[in-house]
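Asker: Just passing along the structure, written as structure tokens.
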Amino acid sequence: MFIYKVYINSLKSRKNIHGLTKALLKSKIANIREEAANALGAIGNDDTIYPLCEALKDIDWHVRNSAANALGAIGNDDAIDPLCEELKDTDWHVRNSAVKALGIIGSDKTVEPICSILEDERDEVRKSATIALGDIGHAGATKHLINRSLWGGNSNLQYYAAEALGKIGSEEAVPDLHDFMLGDPSRFVVKSAIKALGKIGNAEAVESLILGLKEGSIEIGNIREAALEALEKINNIEAMNAFIKALNDEDEDVRKAAVKVLSKLKWKPTNDENGAVYYIHKGNYKKCIEIGKPAINPLIKASGYTDTCKTAIKALSQIGKISINQLNKILQDENEDVYRAAVNNMVNNDCIDWKGRDKLIISVPVGGDTAKGYYLGYVLDSKLGPVRIEAEAIEVDAYGIDRYTHDTWYHGTVSVKNIKSANIKWGYQAYDKNGSLIAHIGIMAKSFEELLSKCP
């Protein structure tokens, strides 16, 4: 065995194609023929194609297998027909090597023959055929991959099917990839479907990825990250409208991804709400101010984000007056930074159109920040007179410390049980739905008893 290897290696080093061809086609020892086929493949000269194609007819499957691998390494179109014939070989190793070789050659002529073995009895061959079709990238293979590999295989084959469909990039695959993204229990299959949708990158693929994020089926850790990464990598000008639409998505991560892609696509923001959302995520509030009134609602929305609330509200105060309804949206936030910024920048700077002020509502949920109700009511009372506060319950034990005298005071927080909603006029009385007096709100007192004594 050692002697024949030395002999074949000697012929290979001298690129003696004639000697290797003779060894390949004439030797009675299968091991010699196999090594000769490997050597001819390593040389890679066009003159090696004919003897290697002849070796595909060898009686020993090891020799046929080496010949198929060698032809794939050379990648000459002249080997296509002989290799296609080997897709019918009785040995699965040879079929597997033949389909790999055809994938490397990459001719469109091979698509139909390769599709014919997507239902091969061996998973190894089906996998190689699936990968080969993805490498060739012909759209004609899309239906076959969907029906035979994506829906007709095990999770391993499904992974490669999704990957192949992404390489081909046919929009026809989007609905099926979407279904797999949402419904497959295998994380690595889901990630493969996500990446494929990102590579296809048309408007439907963008909407599919966003819908997947919304439906929560890809919320798990790195699966969600993969979906966002797929969105951000899309570089398809045809998907621009889908990303513009995504600027107003409820999911902040989706909005950020949309901004990144639109920047990459060199989108020129318009002077409307979409443009304002874009500039907010870019941190360019000066542009929002220039846009003016169309930027108000996006800025109100941004006021609810911890990292942008103060800046967004400050920008709002420089655009013009906002309505009571718009102020209501800001004041519903339980974040102290938000409602204090609203008062400091909007109320105190007279940036509110107080028309319809009777509709102003401050909402304090059960277990919520009762200090919010006191703070806002106290400030707004000086501007408006009585302000309506809606509360699901008023907690009895809420109190504060006077910043000057350090005395403890109670700020009208009287216990209410089994009341789902109460209308409370600041500085006046709170009534339940039946009109019964619940409590007097807005009176500072140093004790709970003093608070009650001041209620009329």
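The values are calculated or read from the model by the stated rules, or taken from the named source; none is laboratory data. The model shown is predicted, which means the values in this text are computed figures rather than measured ones. Note: ideal-geometry Cβ built from the backbone for every residue, glycine included; neighbour counts use all protein chains shown.
Asker: Scan (1) surrounded by fewer than 21 Cβ atoms within 10 Å (Cβ to Cβ); (2) modelled with pLDDT of 95 or more for the single condition residue 67 breaks and write down its number.
Answerer: For residue 67, the failing item is (1).
Asker: Tell me, which helices (runs of 4 or more DSSP H) wholly within the range 1-56 include 3 or more residues that are touching a helix residue (DSSP H, G or I) at 6+ places or on another chain (Cβ under 9 Å) and buried (at least 21 other Cβ atoms within 10 Å of the Cβ)? Steps first, please.
Answerer: Working: elements: 2-13, 17-26, 30-43, 49-55.
It comes to 17-26, 30-43, 49-55.
Asker: Go through the range 100-125 and report how many residues are within 20 Å of residue 44 (Cβ to Cβ) and of a type in the set (A, V, I, L, M, F, W, C).
Answerer: Residues meeting the conditions: 4.
Asker: Of everything in the range 264-296, what is over 23 Å from residue 237 (Cβ atoms), surrounded by 20 or more Cβ atoms within 10 Å (Cβ to Cβ) and of a type in the set (Val, Ile, Thr)? Give them in sequence order.
Answerer: Listed by number, the residues that qualify are 280, 291, 296.
Table: residues versus (1) surrounded by 15 or more Cβ atoms within 10 Å (Cβ to Cβ); (2) on the phi < 0 side of the Ramachandran plot; (3) modelled with pLDDT under 85; (4) of a type in the set (A, V, I, L, M).
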| position | (1), (2), (3), (4) |
| --- | --- |
| 176 | yes, yes, no, no |
| 192 | yes, yes, no, no |
| 199 | yes, yes, no, no |
| 221 | no, no, yes, no |
| 238 | no, yes, yes, no |
| 242 | yes, yes, no, yes |
| 249 | yes, yes, yes, no |
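Asker: While we're looking at this one, here's another question. Quick check on residue 258: is it within 28 Å of residue 303 (Cβ to Cβ), modelled with pLDDT under 85 and surrounded by 21 or more Cβ atoms within 10 Å (Cβ to Cβ)? Step through it out loud before you land on a result.
Answerer: On the way: within 28 Å of residue 303 (Cβ to Cβ): yes; modelled with pLDDT under 85: no; surrounded by 21 or more Cβ atoms within 10 Å (Cβ to Cβ): yes.
Taking the combined requirement at face value, the residue does not satisfy it.
Asker: From 293, 321, 260, 329, grab the single residue that is closer than 15 Å to residue 248 by Cα and in contact (Cβ under 8 Å) with a residue 24 or more places away in the chain.
Answerer: Details: 293 fails: closer than 15 Å to residue 248 by Cα; 321 fails: closer than 15 Å to residue 248 by Cα; 329 fails: closer than 15 Å to residue 248 by Cα.
Criteria check complete, one pass: 260.
Asker: Still on this structure, I have one more. Take the residues in the range 17-68 that are in contact (Cβ under 8 Å) with a residue 24 or more places away in the chain and among the polar types (S, T, N, Q), then tell me which one is nearest to residue 95 (Cα to Cα).
Answerer: Once the filter is applied, the top-ranked residue is 65.
Asker: Can you tell me which residue within the range 279-330, out of those that are over 28 Å from the mean Cα position of the chain (by Cα) and not in a helix (DSSP H, G or I), is farthest from residue 343 (Cα to Cα)?
Answerer: The extreme case among them is 292.
Residue-by-condition table, conditions (1) within 39 Å of the chain's Cα centre (by Cα); (2) assigned to a helix (DSSP H, G or I); (3) within 22 Å of residue 168 (Cα to Cα):
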position	(1), (2), (3)
63	no, yes, no
66	no, yes, no
69	no, yes, no
85	no, yes, no
98	yes, yes, yes
111	yes, yes, yes
117	yes, no, yes
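Here's the yes/no breakdown for (1) touching a Lys or Arg at 6+ places or on another chain (Cβ under 6 Å); (2) touching a residue at least 12 places away in the same chain (Cβ under 8 Å); (3) crowded, with 20+ Cβ neighbours inside 10 Å; (4) not assigned by TED's automatic domain parsing to the domain that holds residue 259:
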{"residue": "110", "(1), (2), (3), (4)": "no, yes, yes, yes"}
{"residue": "114", "(1), (2), (3), (4)": "no, yes, yes, yes"}
{"residue": "123", "(1), (2), (3), (4)": "no, yes, no, yes"}
{"residue": "126", "(1), (2), (3), (4)": "no, yes, yes, yes"}
{"residue": "155", "(1), (2), (3), (4)": "no, yes, no, yes"}
{"residue": "183", "(1), (2), (3), (4)": "no, yes, no, no"}
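Asker: Can you name the residue in the range 1-48 that is out of contact with any His (no Cβ under 6 Å at 6 or more places or on another chain) and acidic (Asp, Glu) and is also modelled with the lowest pLDDT among such residues?
Answerer: Among them, the one singled out is 46.
Asker: Go through the range 297-325 and count every residue that is in contact with a Cys (Cβ under 9 Å, 6 or more places away or on another chain) and either outside the structural domain of residue 273 (by TED's automatic domain parsing) or surrounded by 21 or more Cβ atoms within 10 Å (Cβ to Cβ) (or both). Steps first, please.
Answerer: Quick first cut of the range 297-325, residues in contact with a Cys (Cβ under 9 Å, 6 or more places away or on another chain) only: 298-299, 302-303, 312, 315-322.
Add one more test, that the residue is either outside the structural domain of residue 273 (by TED's automatic domain parsing) or surrounded by 21 or more Cβ atoms within 10 Å (Cβ to Cβ) (or both), and what stays is 298-299, 302-303, 312, 315-317, 322.
Residues that pass the stated criteria total 9.
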